[in-house]
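Notes follow once the structure below has been shown.
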Amino acid sequence: MRLTFAEATDRRLAICACRTLLVGSVLLLAACASNSRRPEPTYKDSRSSLANLPARAPAGATGTANDVLFRAIALVGTPYRWGGNTPDGGFDCSGLVDYIYRNAAGLALPHSSREMSQMSGSRVRAMTDLISGDLVFFGGSGGISHVGVYVGKGRFVHAPNSGGTVRLDDIDGPYWRDHFEFGKRLLD
């Protein structure tokens, strides 16, 4: 049985949701057992207002977008490490995105979210216009400070912070919605 891109995306996201819930439960238990607090994932099983959007991929690069999506979701749970760029050594945000694109699309990206944001590619201003495989950038008055990979249905994969792991979050969650700057489409 051959699945459409949307069906395959939904199936992968459902599997990842289960993994994310399991990882979230483990993190919650670990947080209860220690004095240090770890950020809780903002992904809450289809609570994103964007969850009902159809899964979309770039028209001319559906296969590559699928490879990016598979690679990104497979890395959920990998430990965060500042400056990291491998599954064995851990990832920071830009190391994760570079690893995904280098291995799934054959594109080498700079190792800085700010430099990635300046690469050529179509800029996507609205969250509702994002498609699977787009880079998503976050920041504030100091400029771009974080990057992730949009996987569809209002969710993105990223390496958020020290002491955490690569995770799947709602792009319109409380923190991310307020710090979203734009998306960048590298796959056409």
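Each value in this text was obtained by applying a stated rule to the coordinates, not by laboratory testing. If you're wondering where the values come from, they're calculated on a predicted model, not measured in any experiment. We place every Cβ from the backbone using ideal geometry, glycine too, and count neighbours over all the protein chains shown.
The H on the amide N of Val166, modeled in the peptide plane, is under 5 Å from the matching H of Gly77, Thr78, Tyr80, each at least 5 residues off or on a different chain.
Among Phe182, Phe156, a tally of other beta-carbon atoms within 10 Å of each Cβ gives an order, fewest to most, of Phe182, Phe156. Applying the Karplus relation 6.51 cos²θ - 1.76 cosθ + 1.60 with θ = phi - 60° to the stretch 171-187 yields 3J(HN,Hα) values of 5, 9, x, x, 6, 5, 4, 6, 10, 5, 9, 5, x, 9, 9, 9, 9 Hz, where x marks Gly and Pro.
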